[in-house]
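Written below as structure tokens is the structure these notes are about.
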Amino acid sequence: VSVSTERESDDSAPPLPDWAAGSGTRRGLEACLTHLAAAIEAARTLGVPTQAAEAVRAEAAGRLGFPADVYVLALVGGTGVGKSSLLNQLAGVAVSPASVRRPTTDEPVAWVPASARADLEGLLEWLGVTRVEEHQVAGQGAVAILDLPDMDSVEAAHRERVGALLPRVDAVAWVTDPEKYHDAVLHDEFLRDWIPRLDQQAIVMNKSDRLDADGVKRIRADLERDLARSFLVPGRRRPPVLVTSAKDGDLEELRGWLASEIESKKIVRARLAASLATSAEGLAAEAGIDPLVAARPFLDAGERTSAVAAITSDVLRAVDLPGLERQAVAATRARARARGTGPVGIVTSLVYRLSGREARVADPGGFLVRWRERGPLAPAVDTLRATVTEPIRVAAPAVRPTLAATVEPDRLRVGLEAAVDRAVARHDRTVPSSRVWPLIGALQTVATFALAASVAWVLVWILGGAEVASAEVPVLGPIPIPFLAVILSLAVGYLLARLLGIHAGWVGRRWAGRLRGSVRDAVERAVTDEAFAPLDRLEGARRALWAAARGAVEECRRT
Ligand SMILES: Nc1nc2c(ncn2[C@@H]2O[C@H](COP(=O)(O)OP(=O)(O)OP(=O)(O)O)[C@@H](O)[C@H]2O)c(=O)[nH]1
Ligand SMILES: [Mg+2]
């Protein structure tokens, strides 16, 4: 059940004094912790020692309390002492029903800033708080107040939760009254157990309207004596005794105490924030990073681009792209020959393949796979190392070894080889074909048979002495028809072969160009991914460390 209680606009006493409003503009300590955490992670990647920063972070996280810019006060005490009445007075509205019926508050009630509701949700759920009332005061001075049921009246499991809660809240107000105070301090187990363990706490003696001035003085002295006697723990502050009357609206001491507690929490948090910022800046400084000037990479974009290009071309020299193109064209031509030269082509293709020549000069796939036989990667590795030499020289001492390790030659060479292997293996190496070729092949077959027939005719004519006609050819004069048939079928065969060659060359060059382009791109990607990945990881860490330190300086250094 959630009811929003707006601050009442009209009237006399404001529900909360001004100090409770907070500034509303500060970023939380959580942001500073996040910055330091990010700085630590980045620094670790860069090889900067982080133990000291981690200690600062752990210490701050331990003292953080709830992850909200809200001050959490828990009201604890026996039934009927006036906890709900005090909360209602602090809030200025009836948040928690107060009555003569005992016990009245049988489940915890929370009064929380709407702005911190989400941050406190987990806590409230964990505590089993089902009644949550929201108020509109936001910022670091905002207060959340938990009205907890009397510890005697709740089951053991719940007591345990409240016990776990107490050291995490910003303060505990142990509420008692003139009838119960003596018993409470001396005999309440829960209280006796907890008072010696908490720093921020107060004893609230409510219902002071039932006493005269002397009575108040006497009880205050009494309580202070009891506290001094029973709860004196070296190094611990003795909780103050605050006298209130919820009935008369006299909460001055409680409000004053709360105000100074909230103020000192602000100071503690500011100090913590500053120490987190100092720690983050220290990590940045060790990495040679100044958060106050623009972030600077090891290699700027221009240097990196030209290094990638140089290394890619070193690797490509080993891969030999012109050689690849020649192989691709030759393979296309071989395929065209097999399909487009008729019966003669089938024989020559067979010879070409069986002689092993095809595998040597017309197999782009095999050529690519054997790239390592043609050239070592040493030049590429050397180029990369040369590129990083200057950044290593100017790097902060703490970062230098990590940076140098990114260009460790053996690892680099092995990684690059594997990456290039993957890059060259990826391509579709199916030799292209064309529907034109079988057509030319069929014509070529006809031409071949025509040639055979004309040769036979010539033989019959010469050996048999048969009469044949002659045709009148310009310039040459009359030529016997069988001769003419031989010459014509030869010429047609030759033209068909030329046509096939021209077409196959065109198809082959187009394919070779595409293959070359895709191998070049794949190798460039391989170089970027493999050769520059470790360096890029450090660049990323460097940027992250800069951003974290910058954020810490800007958001956590406010005084
Ligand atoms: N005279 C007097 N009566 C008070 C004062 N504060 C609270 N009461 C009365 O004491 C009774 C109990 O007050 P609650 O605020 O309900 O007490 P509680 O501590 O919340 O009690 P539980 O919810 O049962 O734990 C009510 O009748 C209140 O009116 C006070 O300062 N003076
Ligand atoms: Mg109550």
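The values are calculated or read from the model by the stated rules, or taken from the named source; none is laboratory data. Only a predicted model underlies this, so the values are computations on that prediction, with no experimental measurement involved. Neighbour counts run over all protein chains shown; Cβ positions are idealised from the backbone, glycine included. When the accessible area is computed, the model is the full protein with side chains, heavy atoms only, and any ligands, DNA or RNA have been set aside. Shrake-Rupley method; radii C 1.70, N 1.55, O 1.52, S 1.80 Å.
Here is how the numbers come out for the structure above:
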item	result
Residue in the stretch 60-68 that is open to solvent by 30 Å² or more (accessible area, probe 1.4 Å), out of contact with any strand residue (DSSP E or B) (no Cβ under 9 Å at 6 or more places or on another chain), away from ligand 1 (no atom under 16 Å from the Cβ) and farther than 28 Å from Arg255 by Cβ present	yes
Evaluation of Gly505 against (1) open to solvent by 50 Å² or more (accessible area, probe 1.4 Å); (2) closer than 30 Å to Val361 by Cβ (one fails), failing number	(1)
Scan of the stretch 427-447 for residues that are touching a Ser or Thr at 6+ places or on another chain (Cβ under 8 Å) and part of a loop (DSSP other than H, G, I, E, B), ordered by number	His427, Val431, Pro432
The listed residue being part of a loop (DSSP other than H, G, I, E, B) and either more than 15 Å from ligand 2 (Cβ to nearest atom) or open to solvent by 10 Å² or more (accessible area, probe 1.4 Å) (or both), out of Ala98, Ala118, Ala144	Ala98
Test: Thr176 is of a type outside the set (Lys, Arg), within 16 Å of ligand 1 (Cβ to nearest atom) and modelled with pLDDT under 90	no
Criterion violated by Arg220 - all others in (1) at pLDDT 85 or above; (2) closer than 28 Å to Gly128 by Cα; (3) not aliphatic (A, V, I, L, M) satisfied	(2)
Any hit, the stretch 361-374, residues being of a type in the set (A, V, I, L, M), closer than 30 Å to Gly493 by Cβ and in a helix (DSSP H, G or I)	yes
Selection within the stretch 219-267 - in contact (Cβ under 8 Å) with a residue 24 or more places away in the chain, over 27 Å from Pro97 (Cβ atoms), in a loop (DSSP other than H, G, I, E, B) and open to solvent by 40 Å² or more (accessible area, probe 1.4 Å)	Val233, Arg236, Arg237, Pro240
Options Asp170, Asp150, Asp106: the member that is touching a Pro at 6+ places or on another chain (Cβ under 6 Å), of a type in the set (D, E, K, R) and either touching a residue at least 60 places away in the same chain (Cβ under 8 Å) or away from ligand 1 (no atom under 16 Å from the Cβ) (or both)	Asp150
Selected residue [of a type outside the set (Asp, Glu), touching a residue at least 24 places away in the same chain (Cβ under 8 Å) and not in a loop (DSSP other than H, G, I, E, B)] from Pro322, Pro401	Pro401
